[in-house]
Every structure is written in structure tokens, then in C-alpha cells.
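The values are calculated or read from the model by the stated rules, or taken from the named source; none is laboratory data. The shown structure was predicted, so the numbers you read here are calculated from the model rather than taken from an experiment. All Cβ positions, glycine included, derive from the backbone under ideal geometry; neighbour counts span all protein chains shown.
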Amino acid sequence: MTTLVFGHKSPDTDSTGSPIIWAWYLNEVKGIPAEAVLLGEPNTEAAFVLTRWDCPKPRIVTQIADGTPVVIVDTNNPAELPANVNALDITAIIDHHKLVGGLETKGPIDITIRPLACTATILHDLMGDDAARMPDWVKGMMLSCILSDTIEFRSPTTTAHDRAVAEKLAADLGIAIPGYAAQLFEAKSDVGAFSDAELLRMDSKEYTVAGKNLRISVLETTAPKVVLDRKDSLMQSMVDVAQEDGADQVLLFVIDIVREEATLLVPNDLVRQMAEASFGCTVSGDTVVLPGILSRKKQIIPMLKL
């Protein structure tokens, strides 16, 4: 039976590229039939990466049959996975996020969770000497994942090892990192065609903080004004998205890649109280700027409280 490899819902570049990379490895190196699939439409940056490296978009699945062998990458959070995830035959988990809990497997499995900025870096390490066998298109996917997740090494999650792997891949491919990263961020910033609800779900994760079920969304962009000009309609849409998704509140952080700061939309007292308690700021309007905040994983999620 073919093993399905997938990441989290609302797939970004790492959750699109890492399943492709690992499926290549399982098929071509390990001789295990595998297929990369997605749990939703890739974001604009991930779509650009697929085109740039001439890689067909993996099929999108909304249901997976019980008992299907799967490898989960770039998440271990059941809220970001198929509803029947514990009925699947999970054979491995490869991730770089905190351990959430709630997954159940049919037996002992390989689990690799490492404090690196990108799942693709971990995949590189797990391949060992076989990483040298990657064709250019797989190297390109891997480089894209690392540059995206580290925001071209700006993110505080970046390690020296992430950077070293990215620089080696870029050298192998003959690619200048600054120019290619600029192309990635330009693609990521091109969100004009998306509805408010799509923007709120595009790069989001579900967490419970102080008893509140939150959808925590980030939009990384070189053009924050394009998003912030829509703040009134985005805040109105938060109500519907929260209701449809069973959340108490949607939090939207607009990450300015150039200025290295986040703007949090503040639609109500709950978000105001959470912002002030979490980040030590004073909120006087419907937005608050948080200098130096770039990483949801390291600077947002761990700080949230009421």
C-alpha cells in the first residue's frame, strides 16, 4: 500500500515542500511506495515554488481511509490534521514544533522532533549521505522551505545549521540567496486575489490559550499596507471564520519582513487584553505594532496569555 506523506492544513512552503521531499526519498532511496499529498491549497509562495522547480502540485485530500499508512511532517498537532488521524497507520512523524499531544499510533514508530527552524533541514539530516542523491528540483524545494521558514535567516528560530544547509544547497544550485529569497517574499506578498476568510486561514494554526480556542494566523509580507488597508473587513470576517471553525477568536499578525515587526489586529476587548498581557504593550486603537516579532512558533505562541 502506498504511504501518504503530508503536513498540516493551510499548507505553507515547508508543509508543501517537505512531503514532496520525503516522498521522493522514500520512493527513490528506500524503495517504499509513497505519495506526497496536501490537506489544502498551498499558499502563494508555495505555489510559486512548485512552478519554479517544475514540480506538479500534489493532489489535495479531504478524506483519508482508516488504516492508510502515513508519514506526518511539519506538525504533530491533531487540530491541524485529518479528523480520523488516530485511525490512520502513522509510521513516522518528522517535525520542528513543540510536542502537543493527542496523537495515537498502532505501534512503536519513528518520531523525530528537533529544535531547528525548518522541517526540510531535518529531512536533509535524516537522509545522511543519501542527501547527495537529491536531484536539483528536490534541492530547490528544500532550499525554498528553509528560506521561507527562516525568513531568509531573519527569524529567531534560525540556527547555524539551518543556514549552513541552505547555503550548501544554494551553492550546489548556483543560486544567490538574497535574490531568490526576494522572489519568494514577493510571491508570498501577492495576496490581492484572496478573500478575507482565505487570508485568515492561509497560514494559521489552532491552539487553546487560557481556555480560549484560537485560530492564530500570520501573514508574512514585504507589503503590509496591502493587508492592513483591509483591516476593517478582515476584522468583520474574523467573526464568521471563528464561528465556522469552532474557535473563540481569530488572531491575525501581519509580519513586516522588511521592518521586522508584527502588527496585530485588535477587533475587541478579548484581543486587547490578550495583547497587553502577552506582549507588555498598551493598545489604544484597533491595531498594535510589536517590534521584533517575526516567529509565531517562538515569539507568539509561547507568549500568549490572558
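Structure values in brief
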item: Residue within the range 187-195 that is more than 17 Å from the chain's Cα centre (by Cα) and assigned to a helix (DSSP H, G or I) present; result: no
item: Residues located in the range 67-83, provided they are under 12 Å from Ala36 (Cβ atoms) and modelled with pLDDT under 95; result: none
item: Close pairs (8 angstrom Cβ cut-off, 6 or more residues apart or separate chains): free of Cβ contacts under 8 Å to residues at least 60 places away in the same chain in the range 50-74, exposed (fewer than 10 other Cβ atoms within 10 Å of the Cβ) anywhere; result: Leu50/Pro56
item: For Ala247: the one exception among (1) without any contact (Cβ under 8 Å) to a residue 60 or more places away in the chain; (2) surrounded by 14 or more Cβ atoms within 10 Å (Cβ to Cβ); (3) outside any loop (DSSP other than H, G, I, E, B); result: (3)
item: Which numbered condition Val165 misses (of (1) in contact with a His (Cβ under 7 Å, 6 or more places away or on another chain); (2) part of a loop (DSSP other than H, G, I, E, B)); result: (2)
item: Looking only at the range 53-79, and only at residues there that are among the charged types (D, E, K, R) and within 19 Å of the chain's Cα centre (by Cα), the one that is farthest from Gly101 (Cα to Cα); result: Lys57
item: Cross-chain or 6+ apart pairs with Cβ under 6 Å, the range 91-112 first and within 20 Å of Leu123 (Cα to Cα), then among the small types (Gly, Ala, Ser); result: Ile109/Ala92; Asp110/Ala92
item: Residue in the range 223-243 that is part of a loop (DSSP other than H, G, I, E, B), in contact with a helix residue (DSSP H, G or I) (Cβ under 7 Å, 6 or more places away or on another chain) and farther than 17 Å from Asp286 by Cα present; result: yes
item: Any chance Val37 is surrounded by fewer than 21 Cβ atoms within 10 Å (Cβ to Cβ) and either of a type in the set (Asp, Glu) or touching a residue at least 24 places away in the same chain (Cβ under 8 Å) (or both); result: yes
item: Residue selected from the range 91-141 under the condition in contact with a Ser or Thr (Cβ under 7 Å, 6 or more places away or on another chain) and more than 23 Å from Gly31 (Cα to Cα), by the criterion modelled with the lowest pLDDT; result: His97
item: Subset of the range 260-277 [surrounded by fewer than 19 Cβ atoms within 10 Å (Cβ to Cβ) and either part of a helix (DSSP H, G or I) or in contact (Cβ under 8 Å) with a residue 24 or more places away in the chain (or both)]; result: Glu260, Glu261, Asp269, Leu270, Gln273, Glu276, Ala277
item: Test: Ala197 is surrounded by fewer than 16 Cβ atoms within 10 Å (Cβ to Cβ) and hydrophobic (A, V, I, L, M, F, W, C); result: no
item: In the range 1-19, residue nearest to the chain's Cα centre (by Cα) [restricted to those that are more than 30 Å from Ala193 (Cβ to Cβ) and in a loop (DSSP other than H, G, I, E, B)]; result: Thr2
item: Residue within the range 211-220 that is at pLDDT 95 or above, outside any strand (DSSP E or B) and touching a Lys or Arg at 6+ places or on another chain (Cβ under 7 Å) present; result: no
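Quick grid of which residues meet (1) among the charged types (D, E, K, R); (2) surrounded by fewer than 16 Cβ atoms within 10 Å (Cβ to Cβ); (3) assigned to a loop (DSSP other than H, G, I, E, B):
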position: Ile21; (1), (2), (3): no, no, no
position: Glu41; (1), (2), (3): yes, no, yes
position: Ala47; (1), (2), (3): no, no, no
position: Cys55; (1), (2), (3): no, no, yes
position: Ile72; (1), (2), (3): no, no, no
position: Ala92; (1), (2), (3): no, no, no
position: Lys98; (1), (2), (3): yes, yes, yes
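Each row is one residue, and each column tells you yes or no for (1) surrounded by fewer than 17 Cβ atoms within 10 Å (Cβ to Cβ); (2) assigned by TED's automatic domain parsing to the domain that holds Arg296; (3) touching a residue at least 60 places away in the same chain (Cβ under 8 Å).
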| site | (1), (2), (3) |
| --- | --- |
| Ser144 | no, no, yes |
| Ile177 | no, no, no |
| Val191 | no, no, yes |
| Lys205 | no, yes, yes |
| Val209 | no, yes, yes |
| Val218 | no, yes, yes |
| Lys225 | yes, yes, no |
